[in-house]
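Structure, as structure tokens:
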Amino acid sequence: MHVTRREFLKISGMASALGALAGLGFDVLPIKSYAAGLDTMSVKETTSICPYCAVGCGQIVQTDKATGKIINTEGDSDHPINEGSLCAKGASLYQLVVNPSRWTQVLYRAPYSDKWEEKTWDWALDRIAVNVKKSRDTAFVTKNAKGQEVNRTEGIAHIGSAALDNEECWLLQAIMRSLGLVYIEHQARI
Amino acid sequence: MTNHWIDIRNADCILIMGSNAAENHPISFKWVTKAQEKGATLIHVDPRFTRTSAKADIYTYLRSGTDIAFLGGMINYILTKELYAKEYTANYTNAPFIVSSKFGFNDGLFSGYDPKTHKYDKAGWTFEKDEKGRDKRDLTMQDPNCVLQRLKKHFSRYTPEIVSSITGTPIPDLLKVYAAYAATGPDDKAGTIMYAMGWTQHTVGVQNIRAMCIIQLLLGNIGIAGGGVNALRGESNVQASTDHGLLFHIWPGYLGTPAASNPTLEDYNKKNTPKTNEPLSANWWQNKPKYMASFLKSMFGDEATKENEFGYSWLPKVDDGVSYTWMDIFDQMYKGKFTGFFAWGQNPACSGANANKTRQALGKLDWMVNVNLFDNETASFWKGPGMDPKQIKTEVFFLPCAASVEKEGSITNSGRWMQWRYKAADPPGDCKPDGDIMVELFEHIRKLYKRYDGVFDTPILNLRWDHVTGGKFDPHAVAKLINGYFEKDTTVQDKTYKKGTLVPAFAMLQADGATSSGNWLFCNSYTDKGNMAARRGKNDPTGLGLFPDWAWCWPVNRRIIYNRASVNAAGKPLAPNKNILEWKDGKWVGDVPDGPWPPLDQKDKGRLPFIMKTDGVAAIFGPGLVDGPFPEHYEPLECPVEKNEMSAQRINPVAPIYGTAADTYTTCDPRYPFVCSTYRVTEHWQTGVMTRWQPWLLETQPQMFVEMSEELAKLLEIKNGDPCIVSSPRGQVEAAAIVTKRLRPFIIQGTTIHQVGIPWCYGWVHPKNGGDSANLLTPSTGDPNTRIPESKAFMVNVVKKGGK
């Protein structure tokens, strides 16, 4: 059976009894694409949105159910903006994620040291928290030069990030503002 | 974007200027191409012939930093030939308003300039008022002091001859572009603008965009299908990181950050909530107190009460008139102000202007946290070029994070579409979703404040935390809080909502603490109907590509902002061939209208279309900016000419300048004779942290290069592929020469001026010998309104490596 994804989805809409193997209500089995050569019975599909520019193209990610590893990424033909196409970067999503050069350990560089050291999350977060408290409290300004109440710290600055999800952006501003930071900026300013 | 990506296909003429959309927003071109297939004209104006130019029906060039001259010439053309949309400008803009006699303009300076402080007193930039306090107007637009006539006078100086001498664009090309774009003035024609950093990264960045807004208003192109003012934003979620207030000057939903002069919420509301004497104005910002109270409830929950003004005093205040922007952060850091610094999902050692200053500044910290996917020039700055780790005290923490497909949540594209994405796999090794890192970090900090005394710990202890489940970040819970809840049983418009119900839309938000909403603009995105951002419906009832059931779009799923400007006073579409909104049988049909009111001809009930403006109309005369109510051409801070041909004022008189040893500027200096601009390539993204580590992409664009014209290469005895040194007073980079016809010399004021271009997506960490950041060369100056850096026009020298 040779059908394109688009044709298949039309068929699928009429006869969903073909079997919903994947996460989002459509079967991946007879799709004519790179994925056609893969063992699709054991694949989970999820949709995503490209992490590069702000066009917001749809992507499909295929994950091997047995290993939990991502095995393929491609454009989402159902997406009304990109209709399946992707640019060079979007098409390389797989290599962004499955990449041996990623740093997957918490790393620490001590003052005046010439090397990174591997650390645990707890060790690093404990130490960052102590640093934050010290920097924040030492440079906390309750009243400014004019005597106006300002309740801010001038000891810490923060930048980031347009690479985060909406929900993360919101929480990050909440955390930083509750700590009293006013120097809060990110990529939108450059 | 006022409009959205698919809507580009509805345009009759597309101007791409300050952008190379084909290479930097490649999929946008699917819709540009569809418009062209239907007969639309594509115009590209850029110093360099790019792949965007290759697809254009009309391409012409201009020298970097002269866009206002180019566009000013177009304003002059439209006004002298009377090609503007008369009804639209008279009814929907402030073109008929009478400008105050206190306003003036003389030889490059607007009235109110103080040469000592380099600032304008804007008190005279106003309109004459009638006895009811309403703005005086002449709907015939003939009064010599009305906005349209003042505009005409201001831009009458922008003749094709002067414009051409400033920009280097041949006069026939100017006229060809002006005629093609001005042809979108008739009601049934739509013209759109696609711009990006090519317009923002200038000392006149905001005024570049203002100039185009004026053109769009004169031609009646805002609020309609195929029109609008469309910023092509460069990061996948930069729209919402802005919407959610990760900037010093705004809280979520564009609520201005409270200043020290507003000690109480009552003061803030009184001073920042606009009032209007215009009976037909919706003046939507009159609702600001509701959004403030709802935001504070989302921050502090039950601890936020009427008595404590919902915790208003717990949040930090900025000093009035002080700038806390990116450039100010690194200026202050360089001077040793900060001990701690978070660079979350960022690589400022390559991304900000004057990168050497940034890199030096990082060494003055006690500690820094970098959250990222890969090694980068910021995390490893202490072992970078010219650095001696033994001399650098900064303690550095690198926290590895999850990639986009290793967590769940939403992002908002340039067209304001909030789209949900799902988790496909666990992150590798110790990598964690950023949200989990935030939650765990804050819990570690809060534990310290619970255990030990701390300074002003109330906001830390009281921060609302019910959206965190079992120590894990819960994107659905946060998304719901961003939408907002009824915090007690509340009756709105005869309907009672139980405590804990999600608020259906921002019209229901309250100022008395009855509702929470983390960001009023996103209220309606997660309701009792479910997660609107996750929708995948493909209905297109208008046939114009609005796709109202696909994902969700702020505000209230309105796909085209200011869409009431697309209809006449009777509510009928000005362009029946592009009908996005129509008043039919007593209701609106089409897109979600900009407010529920009936059309303007329904006496006292209708409202003017520009609902976010206090007076209900769009601002051709725009007194809100710090550098003038009309755009005016100034040369870039670093430029190749001694004289600005428009006036005695060479540069923007209020452009920011910094004074540390790392801040050097040069102009008309024979040591740095070439104009330079930075840009990106399709295969890399921003500083390249997410792309340089991918062999597929790196193979196609492996190293730093400098593009130059054949004429300049001949002059410098440089051949294609030669290693070169590009330098400015602030630094230098090595780059391979690309000798190309894509760049050409300009004839400016009768003299030949050369321009070169360099990409900013490389850095010393990886690949080895791939070159370093273009931002080592760029100056710490920028737009006086936004302080976005002037990376698109500065002066450099180029020599063959090993040459003189």
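The values are calculated or read from the model by the stated rules, or taken from the named source; none is laboratory data. Computed from a prediction, not measured in an experiment: that's the story for all the values here. Ideal geometry is used to build each Cβ from the backbone, glycine not excepted, and the neighbour counts take in all protein chains shown. With ligands, DNA and RNA removed, areas are computed over all heavy atoms of the protein, side chains included. Shrake-Rupley method; radii C 1.70, N 1.55, O 1.52, S 1.80 Å.
For segment B:395-405, taking the residues that are in contact with a strand residue (DSSP E or B) (Cβ under 9 Å, 6 or more places away or on another chain) and among the aliphatic types (A, V, I, L, M), the one that is farthest from the other protein chains (Cβ to nearest Cβ) is identified as B:Ala402. Of the strands (runs of 3 or more DSSP E) lying entirely inside segment A:91-190, the ones with 2 or more residues being among the hydrophobic types (A, V, I, L, M, F, W, C) and facing another protein chain (nearest Cβ under 7 Å) are found at A:106-109, A:156-159.
Mind telling me which of the residues B:Pro274, B:Pro258 ends up being in contact (Cβ under 8 Å) with a residue 60 or more places away in the chain and open to solvent by less than 10 Å² (accessible area, probe 1.4 Å)?
Numbers: B:Pro274 fails: open to solvent by less than 10 Å² (accessible area, probe 1.4 Å).
Unique residue meeting the criteria: B:Pro258.
For segment B:731-766, how many residues are touching a residue at least 60 places away in the same chain (Cβ under 8 Å), in contact with a helix residue (DSSP H, G or I) (Cβ under 6 Å, 6 or more places away or on another chain) and in a loop (DSSP other than H, G, I, E, B)? Of the residues in segment B:731-766, 4 are touching a residue at least 60 places away in the same chain (Cβ under 8 Å), in contact with a helix residue (DSSP H, G or I) (Cβ under 6 Å, 6 or more places away or on another chain) and in a loop (DSSP other than H, G, I, E, B).
If the requirement is being farther than 28 Å from B:Ala793 by Cα and not in a strand (DSSP E or B), which of these qualifies: B:Leu139, B:Leu151?
Numbers: B:Leu151 fails: farther than 28 Å from B:Ala793 by Cα.
Exactly one residue qualifies, and that residue is B:Leu139.
For beta carbons closer than 6 Å, sequence separation of 6+ or different chains, a first residue in segment A:58-77 that is basic (Lys, Arg) and a second that is open to solvent by 10 Å² or more (accessible area, probe 1.4 Å) and not in a loop (DSSP other than H, G, I, E, B), the qualifying pairs are A:Lys65/A:Ser42; A:Lys65/A:Lys44. Among residues belonging to segment B:222-244 that are among the small types (Gly, Ala, Ser) and out of contact with any Cys (no Cβ under 8 Å at 6 or more places or on another chain), point out the one that is surrounded by the most Cβ atoms within 10 Å (Cβ to Cβ). Going through the qualifying residues, I end up with B:Gly227. Considering every residue within segment A:167-185, establish whether at least one is surrounded by fewer than 24 Cβ atoms within 10 Å (Cβ to Cβ) and small (Gly, Ala, Ser). Scanning segment A:167-185 turns up no residue that is surrounded by fewer than 24 Cβ atoms within 10 Å (Cβ to Cβ) and small (Gly, Ala, Ser).
Among the residues of segment B:403-423, are any over 28 Å from the mean Cα position of the chain (by Cα) and within 20 Å of B:Asn237 (Cα to Cα)? Checking segment B:403-423: at least one residue is over 28 Å from the mean Cα position of the chain (by Cα) and within 20 Å of B:Asn237 (Cα to Cα). In segment B:605-618, which residues are open to solvent by less than 20 Å² (accessible area, probe 1.4 Å) and either of a type in the set (A, V, I, L, M, F, W, C) or under 20 Å from the mean Cα position of the chain (by Cα) (or both)? Selection gives B:Leu608, B:Phe610, B:Ile611, B:Val617, B:Ala618. For segment B:462-487, the candidate set comprises residues that are touching a Ser or Thr at 6+ places or on another chain (Cβ under 9 Å) and more than 25 Å from B:Asn557 (Cα to Cα); within that set, the residue that is surrounded by the fewest Cβ atoms within 10 Å (Cβ to Cβ) is B:Asn462. Answer yes or no: is there a residue in segment B:630-653 that is of a type in the set (Val, Ile, Thr) and farther than 30 Å from B:Asn106 by Cα. No, the conditions are met nowhere in segment B:630-653.
The residues of segment B:428-452 that are over 13 Å from A:Ala129 (Cβ atoms) and more than 9 Å from chain A (Cβ to nearest Cβ) amount to a single one, B:Asp436. Counting only helices (runs of 4 or more DSSP H) that sit wholly inside segment B:1-110, those with at least 3 residues that are without any contact (Cβ under 8 Å) to a residue 24 or more places away in the chain and open to solvent by 20 Å² or more (accessible area, probe 1.4 Å) are B:28-37.
Are any of the residues in segment B:375-394 part of a loop (DSSP other than H, G, I, E, B), charged (D, E, K, R) and at the interface with chain A (Cβ under 7 Å from one of its Cβ atoms)?
At the first step, the residues of segment B:375-394 found to be part of a loop (DSSP other than H, G, I, E, B) are B:375-380, B:384-388, B:392-394.
Restricting the remaining residues to those that are charged (D, E, K, R) gives B:375, B:377, B:388, B:393.
From what is left, the residues that are at the interface with chain A (Cβ under 7 Å from one of its Cβ atoms) are B:375, B:393.
Checking segment B:375-394: at least one residue is part of a loop (DSSP other than H, G, I, E, B), charged (D, E, K, R) and at the interface with chain A (Cβ under 7 Å from one of its Cβ atoms).
Considering segment B:205-216, the residues that are open to solvent by less than 10 Å² (accessible area, probe 1.4 Å) and away from chain A (no Cβ under 14 Å) include one that is nearest to A:Gln148 (Cα to Cα), namely B:Gln207.
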